[in-house]
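Asks: Attaching a single structure in structure tokens format; questions to follow.
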Amino acid sequence: MKNLLCYLACATATAVLLRAQSPMPAPVQKQASPGPAAPVEPIRAIVETFRSHAIVALGNVEGGNEQSHAFQRSLIRDPRFTAVANDILVEFGNALYQEVVDRFVRGEDVPYESLRRVWQNTTQVEYEWDLPIYEEFFRAVRAANARLPRTRQLRVLLGDPPIDWDHVHDLQDLQKAMGDRDGYALEVLRREALAKGRRALVIYGGQHLVRRNTVPGAADQWARGVIARMEKDHLAGAFTILPETRRDLSALQPDVASWPIPSLAVLRGTVLGSTIWDPGPQRRAVRTEEQFDAILYLGPPSSMTASKLAPALCSDRVYMEMRIWRLGLIPPRLGRRLRRPVN
């Protein structure tokens, strides 16, 4: 009986997950008393969502969050996922090296010096993507593919614009090579996945996945990230998932403290969904449920851990000189703006 009740609860949640996406991010109707969010097993929910959505987007928690990446790897390794998904579009890879990563995840021999350029030579000058968890992601896809026939193997699509650092000498060169990062990623998704009838998991920072513009008085209610632009142009509807690692969700809904780790919960009509997304004095108040469809619970903030650069990389003089030089291209006041989509 217990198993049956669990199955019915999950089936009910899945039915909510499979709702049709509206063509516009319509304002959420006011609710007198939103109900509690209900946890379900996340991989099963994601797999079921892929049966009705070509695109599922999962936020990437930067700052080296190890729990977020552990979940990504567990999802990739799960045979239920590889049975329904075809591609994974990632922010943390330079599209100039698409052929290199294609060969690597297929299981071919690729020199490490060539492979590491995928994540070290992106448009982003910080060291974030040099953390071991990003290399582990590509190796997890390679390992998952080793168990699959060629026709079912996952393909990793590199979404960062194809910058050639041999031709970058100053900030203007970098900005020109960077171009419209979200627009480039959307074109990769359209050309390589949607146009071919393939299903893709999108792993990008949360700001690239939001739907609503939070700029007060903005003429366009849509945000400028990958998902908002895709849905605005009616290319496809996505199901978006926010991993919450910074806020203590149990302060908003006490029973979250007893949720299994990890858990996924639909946000629409819930206490968690009614909270304001990224509040600030210069931002229009937008509820979290207007930005994302579900939340991924990975544990309380106090349990989060961060990946660190490998000691061998820190002692690599050539690498450190390269990273310091690239960091020097970006004035501190511009760093965050260059990374995030512009609303």
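The values are calculated or read from the model by the stated rules, or taken from the named source; none is laboratory data. What you are looking at is a predicted structure, and each value in this text was computed from that prediction instead of being measured. Because the Cβ atoms are built from the backbone with ideal geometry, glycine has one as well, and the counts that use them run over all protein chains shown. Just the protein is used for accessible areas: all its heavy atoms, side chains included, with ligands, DNA and RNA removed. Shrake-Rupley method; radii C 1.70, N 1.55, O 1.52, S 1.80 Å.
Asks: Amide H of Asp160 versus every other amide H placed in the peptide plane: which residues, excluding those fewer than 5 positions away on the same chain, fall under 5 Å?
Replies: The answer is Gly93, Ala95.
Asks: On C-alpha positions alone, give me the angle between the axis of helix 132-145 and the longest principal axis of the chain, in degrees, nearest 10.
Replies: Rounded to the nearest ten degrees, it is 80.
Asks: Here is a further query. Given a cut-off of under 8 Å on Cα pairs at least six residues apart, what relative contact order in percent is computed for the stretch 67-123?
Replies: Numbers: 28 pairs, mean separation 19.2, N = 57.
Relative contact order, the stretch 67-123: 34 percent.
Asks: Considering only Gly299, Val256, Leu329, whose Cα is most displaced toward the positive end of the charge dipole of the chain, charges sitting on Cβ of Lys, Arg (+1) and Asp, Glu (-1)?
Replies: Val256
Asks: Ranking request for peptides 89-96, 67-74: highest mean number of other beta-carbon atoms within 10 Å first, then the rest in descending order. Don't skip to the answer; put the middle values down first.
Replies: Details: 89-96: 23.1, 67-74: 19.0.
Peptide ranking by packing, descending: 89-96, 67-74.
Asks: Where a Cα-Cα gap under 15 Å defines reach, which aspartates and glutamates qualify for Lys176, not counting those fewer than 8 residues away within the same chain?
Replies: List returned: Asp160, Asp164, Asp166.
Asks: Assigning unit charges at the beta carbon (Lys, Arg +1; Asp, Glu -1) and nothing else, what dipole magnitude in debye, to the nearest 20, does the stretch 234-343 show about its Cα centre? Before the final figure, lay out the partial values.
Replies: Working: 15 positive and 9 negative charges, 139 e Å.
That gives a dipole near 660 debye.
Asks: State, to one decimal in nm, how far the label point of Ser74 lies from the label point of Arg247, with both points 7 Å from Cα in the Cβ direction.
Replies: For Ser74 paired with Arg247, the spin-label model returns 2.3 nm.
Asks: Using a ≥ b ≥ c from the Cα gyration tensor of the stretch 148-242 (square roots of the eigenvalues), is it rounded, prolate or oblate, where a/c under 1.5 gives rounded and otherwise the larger of a/b and b/c decides, a/b for prolate?
Replies: Values: a/c = 2.25, a/b = 1.07, b/c = 2.11.
Oblate shape, in that a/c is at least 1.5 and b/c is the bigger or equal ratio.
Asks: Follow-up. So, with +1 on the Cβ of K and R and -1 on the Cβ of D and E, and no other charges, what is the size of the charge dipole of the stretch 118-175 about its Cα centre, to the nearest 20 debye? Let's see the in-between values first.
Replies: Values: 6 positive and 10 negative charges, 182 e Å.
With only Lys, Arg, Asp and Glu charged at Cβ, the dipole is about 880 debye.
Asks: For Gly205, what residues show an amide H to amide H distance below 5 Å, using hydrogens built from the backbone and excluding near sequence neighbours?
Replies: Asn60
Asks: Could you derive backbone 3J(HN,Hα) for the stretch 311-324 from the dihedral phi with the Karplus parameters 6.51, -1.76 and 1.60 (θ = phi - 60°), listing whole Hz in sequence and x where the residue is Gly or Pro?
Replies: x, 4, 6, 5, 8, 7, 4, 4, 4, 4, 5, 4, 5, 5
Asks: Need one word for the stretch 76-127: rounded, prolate or oblate. Basis is the Cα gyration tensor (sqrt eigenvalues a ≥ b ≥ c); a/c below 1.5 gives rounded, then a/b vs b/c decides.
Replies: Values: a/c = 2.51, a/b = 1.53, b/c = 1.64.
Oblate, since a/c reaches 1.5 and b/c is not below a/b.
Asks: Roughly how much of Asp170 is accessible, in Å² to the nearest 10, using a 1.4 Å probe?
Replies: About 60 Å², rounded to the nearest 10.
Asks: Which of the three applies to the stretch 98-199, rounded, prolate or oblate, going by the alpha-carbon gyration tensor with a ≥ b ≥ c and a/c under 1.5 meaning rounded?
Replies: Working: a/c = 2.39, a/b = 1.39, b/c = 1.72.
Oblate.
Asks: Given Cα pairs under 8 Å that are at least 6 residues apart, what percent is the relative contact order of the stretch 105-179? List each step's numbers first, then the result.
Replies: Working: 52 pairs, mean separation 29.1, N = 75.
So the answer I get is 39 percent.
Asks: Here is a further query. Given Cβ point charges of +1 (Lys, Arg) and -1 (Asp, Glu) and nothing else, what value in debye, to the nearest 20, does the dipole of the chain about its Cα centre take?
Replies: Its charge dipole is roughly 780 debye.
Asks: I'd like the antiparallel share, as a percent to the nearest 5, of DSSP beta bridges with both residues in the chain.
Replies: The antiparallel proportion sits near 25 percent.
Asks: Then there is this: Quick check on the chain: helices-only [θ] at 222 nm, where DSSP H runs of length 4 and up contribute -39,500 (n - 2.57) each and the sum goes over total residues. Nearest 500, please. Please list the in-between numbers first.
Replies: Numbers: 15 runs with 125 residues, N = 343.
One gets -10000 deg cm²/dmol as the mean residue ellipticity at 222 nm.
Asks: Then there is this: Given a 10 angstrom Cα cut-off, can you work out which residue in Pro279, Pro311, Pro34 is the most mobile in a GNM of the chain?
Replies: Most flexible of the set in this elastic network: Pro311.
Asks: Here's a follow-up. Looking at the chain as a GNM with Cα springs under 10 Å, which of Arg191, Arg117, Arg229 has the largest mean-square fluctuation?
Replies: Residue with maximal mean-square fluctuation among Arg191, Arg117, Arg229: Arg191.
Asks: Quick check on packing: order 102-115, 291-304, 199-212 by the mean number of other C-beta atoms within 10 Å, highest mean leading.
Replies: Values: 102-115: 13.9, 291-304: 19.6, 199-212: 23.5.
Listed from highest to lowest mean packing, they are 199-212, 291-304, 102-115.
Asks: From the residues Pro279, Pro36, Ala310, which one has its Cα farthest along the dipole of the chain in the positive direction, the dipole being from +1 and -1 charges on Cβ of Lys/Arg and Asp/Glu about the Cα centre?
Replies: Towards the positive end, the residue furthest out is Pro36.
Asks: So how do 266-274, 242-250 stack up, highest first, on mean other-Cβ count within 10 Å?
Replies: Values: 266-274: 21.2, 242-250: 17.8.
Packing proxy ranking, top to bottom: 266-274, 242-250.
Asks: Continuing with the same structure: For Asp255 and Asp173 in the same chain, what is the full-extension length gain: residue separation times 0.36 nm, less their Cα-Cα distance, in nm?
Replies: Numbers: separation 82, 0.36 × 82 = 29.52 nm, distance 5.10 nm.
Full extension of this stretch gives 24.4 nm more.
Asks: Rounding to the nearest 10 and keeping the result within 0 to 90°, find how far the Cα-based axis of helix 66-77 lies from the longest principal axis of the chain.
Replies: Helix 66-77 and the main axis of the chain meet at about 90 degrees.
Asks: Let me ask something else. If you line up the long axis of helix 181-192 against the longest principal axis of the chain, both from Cα atoms, how many degrees apart are they, to the nearest 10?
Replies: Value to nearest ten degrees: 80.
Asks: Considering only the stretch 189-343, what is the antiparallel percent among its DSSP beta bridges, to the nearest 5? Numbers along the way, then the final one.
Replies: Details: 6 of 10 bridges.
The antiparallel fraction comes to roughly 60 percent.
Asks: Only Cα pairs within less than 10 Å get springs; with that Gaussian network setup on the chain, which residue of Leu327, Leu158, Leu58 has the largest fluctuation?
Replies: Comparing Leu327, Leu158, Leu58 in a Gaussian network model of the chain, the most mobile one is Leu327.
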